[in-house]
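First the structure, in the form of structure tokens, and then the observations on it.
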Amino acid sequence: MSRIRRAGAAVAVAFGLLMGVIAVPTPASAATGTLALSPSAGPVGTSVTVTGAGFGRKRPGTVMAGTATAAFTTTASGTFRATVIIPATTAPALAVTATTVDAAATAWFAVSQQAPAAPTISSARLRFGVTTPGGATADAELDAVARLAGENPGLVLSYHDFAQSPPIAGLDSVAARGATSILTWEPWRWGGGATQASYSNAQVIAGAYDTYLQQWGASLAAWGKPVYVRYAHEMNGNWYPWSDGVNGNASGSYAAAWRHVHEVVTAAGATNVQWVWSPNVPYAGSTPLASVYPGSAYVDAVALDGYNWGTSQPWSSWVTPQALFADGLAQLRAMAPGKPIIVAETASAEAGGSKATWNADLVAHLAAQPDVTGLVWFHHDKEVDWRIDSTPGSASALASALAARRA
């Protein structure tokens with residue numbers, strides 16, 4: 001620093017003292033965030049993807065839209081993406097605000113007070129279904145999916161562990177929409193991992209849960225309408241405690257447990273239940289399907305769960321719908337000839353290819369097969385963003401493909 005600048009600084013300090021004020025350094029300015037909404041207008045119940053940029057790196061934060069909230073964590077580049085459902089409001093516009101410890105940003109969502117006519121359920125042979133995070137009673141989520149798909153889901157899949165009572169409220173809610181429920185019934189306690197000795201197949205076979213099974217059977221019988229029950233799905237994998245070779249389960253115990261559950265529930269009067277046997281698509285090292293099939297007398301429909309992980313994981317690669325489902329469909333037809341087939345869980349990642357193309361190919365491929373009667377989209381942002389609207393192109397492609405199969 002030069003003598004002149006030092007002298008000038010001294011004068012400035014002296015002047016500040018005379019005036020009773022000394023300037024202090026200004027703190028570093030907070031990050032300036034920006035938000036983009038997709039869509040940025042629509043009725044109450046719209047699912048909105050909020051994309052943020054310009055925030056601090058790796059910061060936890062919250063998006064708020066009226067009474068709706070969603071948590072997020074920014075990336076190393078200060079970006080994030082979150083989803084909120086527009087709550088009930090009479091205002092013509094709703095502030096959507098994202099906040100972290102060092103930044104905040106707001107964008108406005110234009111609320112149309114007159115909601116458009118709800119899409120109807122298609123009468124096409126290949127039924128469109130969905131599972132969403134909120135489950136069977138999450139009407140706002142299901143309405144948002146209907147707008148994305150251009151039709152109301154005719155199948156609504158929900159998940160229930162052995163700690164839950166019969167979900168009659170959910171059945172009523174789905175039936176009120178004109179749809180059919182698929183109850184994924186899981187013999188374990190959520191969060192307990194794949195080793196839960198009290199939920200081994202031997203325990204089920206021995207009658208440890210017969211009172212509980214009878215309760216479900218009597219309640220479903222009293223409810224009276226058709227309902228799918230998808231008991232202990234993806235049994236040919238090794239990630240659930242009901243699989244043979246896992247949790248101390250002997251070979252053949254899965255099929256025996258299935259038959260026992262079927263017999264107890266049916267004896268309670270639940271003849272309105274359609275039983276769905278739903279393995280994962282076969283993969284290298286998976287349990288042979290024939291060894292876990294309980295027999296055609298105990299199964300009303302067969303199903304497959306299959307996902308295109310793309311390049312989202314170190315072990316995964318892009319796979320077309322045709323390649324993903326070919327082997328599993330062939331095996332189901334050989335084991336259970338004449339049974340209707342449902343793709344009970346499916347979705348695609350974005351990484352590694354065109355999800356839009358994948359969506360279109362999936363619907364066209366399944367619609368061309370007369371024995372495939374339904375597909376259920378896994379509309380969750382979980383391991384990756386499996387949702388229909390992970391990008392606008394993905395949503396548009398699925399809606400167009402569903403419309404084509406209605407033509």
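Counting only other residues whose beta carbon sits under 14 Å from that of Val246, what net charge do I get with K and R as +1, D and E as -1? Within the 14 Å Cβ shell, the charges total -3.
Ranked for footprinting exposure by Cβ neighbours inside 10 Å, fewest first, Glu345, Glu263 give Glu263, Glu345. Projecting label points 7 angstrom from Cα along Cα→Cβ for Thr311 and Gln164 puts them 3.7 nm apart.
Panel order for Ser400, Ser348, Ser390, Ser219, by other beta carbons found within 10 Å of each beta carbon, from fewest to most: Ser400, Ser219, Ser390, Ser348. Compared with the direct C-alpha span, the chain from Ser354 to Arg189 gains 55.7 nm at full extension, assuming 0.36 nm per residue. Residue separation of Tyr212 and Thr89 scaled by 0.36 nm, minus their Cα-Cα distance, works out to 40.1 nm of gained length. FRET efficiency for the pair Thr69 and Ala221, taken as 1/(1 + (r/R0)^6) with r the Cβ-Cβ distance and R0 = 30 Å, rounds to 0.15.
Mean separation of Cα pairs under 8 Å and 6 or more residues apart, divided by the residue count, gives the chain a relative contact order of 12 percent. Within the shell of other residues whose beta carbon sits under 11 angstrom from the beta carbon of Ser348, the net charge comes to -1, with Lys and Arg scored +1 and Asp and Glu -1. With neighbours defined as other Cβ atoms within 10 Å of a residue's Cβ, the residues Ile182, Ile86, Ile121 order from fewest to most as Ile121, Ile86, Ile182.
Placing a label point 7 Å from the Cα of Thr99 along the Cα-to-Cβ direction, the residues of segment 57-76 with a backbone N closer than 15 Å are 60-72. Given axes a ≥ b ≥ c from the Cα gyration tensor, I'd like to know whether the chain is rounded (a/c under 1.5), prolate (a/b larger than b/c) or oblate. Prolate is the answer for the chain, as a/c is 1.5 or above and a/b outweighs b/c. Answer rounded, prolate or oblate for segment 217-321, using the Cα gyration tensor with square roots of eigenvalues a ≥ b ≥ c: rounded when a/c is under 1.5, else prolate when a/b is larger than b/c, else oblate. Cα axes put segment 217-321 in the prolate bin. Around the Cα centre of segment 127-406, unit charges on the Cβ atoms of Lys, Arg, Asp and Glu (plus for the first two, minus for the last two) sum to a dipole of about 420 debye. The helix-based estimate of mean residue ellipticity at 222 nm for the chain, built from -39,500 (n - 2.57) per DSSP H run of four or more residues and divided by its residue count, is -9000 deg cm²/dmol to the nearest 500. Highest mean packing first, where packing is the average number of other Cβ atoms within 10 Å per residue, the peptides 284-291, 151-158 line up as 151-158, 284-291. By DSSP, the beta bridges lying fully in segment 34-111 are antiparallel in about 95 percent of cases. Under a Cβ-Cβ cut-off of 10 Å, what is the net charge of the residues other than Asp385 that fall near it, where Lys and Arg count +1 and Asp and Glu count -1? Computed value for this residue: 0.
Every number in this text was worked out from the coordinates using simple rules, so none of it is lab data. These figures come from a predicted structure and were not determined experimentally. As a convention, Cβ positions derive from the backbone with ideal geometry for all residues, glycine included, and neighbour counts pool all protein chains shown.
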